[in-house]
Amino acid sequence: MKISLALLVLLLAAAWTGSQGMSFRSSRVTCCSKEDISRRKIPEFKIKDYQYTASPCPHKAVLVKLPKATVCVDPEVKWFRNYQRKKKQQNSTST
């Protein structure tokens, strides 16, 4: 009984960590605190990639990958929403 319970716990832990996703090929979940969120507009040409923080993170944010750093951004800020819209339009016209 104890072995079955231990195996079940290990299986659930493995499934949970696998479902969290990899943050820019990292093995750990990256979250942003309120203090980490940048208030500055990032020029579009500098943005290499972005992804939303994982659901367990206390603050909803976007990790924006730049050539030399990764910056936390509020996903509701106007310049980022405009950037996403442009990207979606570019992707829909290229297919």
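Rolling a 1.4 angstrom probe over region 32-94 with all protein chains present gives an accessible area of which 47% lies on carbon and sulfur atoms. Across Y52, Y83, the residue with the most accessible area heads the list, and the full order at a 1.4 Å probe is Y52, Y83. Once the mean of 1/r is taken over each pair of separate Cα atoms and inverted, region 36-95 shows a Kirkwood hydrodynamic radius of 12.2 Å. Once the chain from R81 to K65 is taken as fully extended at 0.36 nm per residue, the excess over their C-alpha distance is 4.2 nm.
The values are calculated or read from the model by the stated rules, or taken from the named source; none is laboratory data. Nothing here was measured: the structure is a model prediction, and the numbers come from that model. Calculation scope for accessible area: heavy atoms of the full protein, side chains included, ligands and nucleic acids excluded. Shrake-Rupley method; radii C 1.70, N 1.55, O 1.52, S 1.80 Å.
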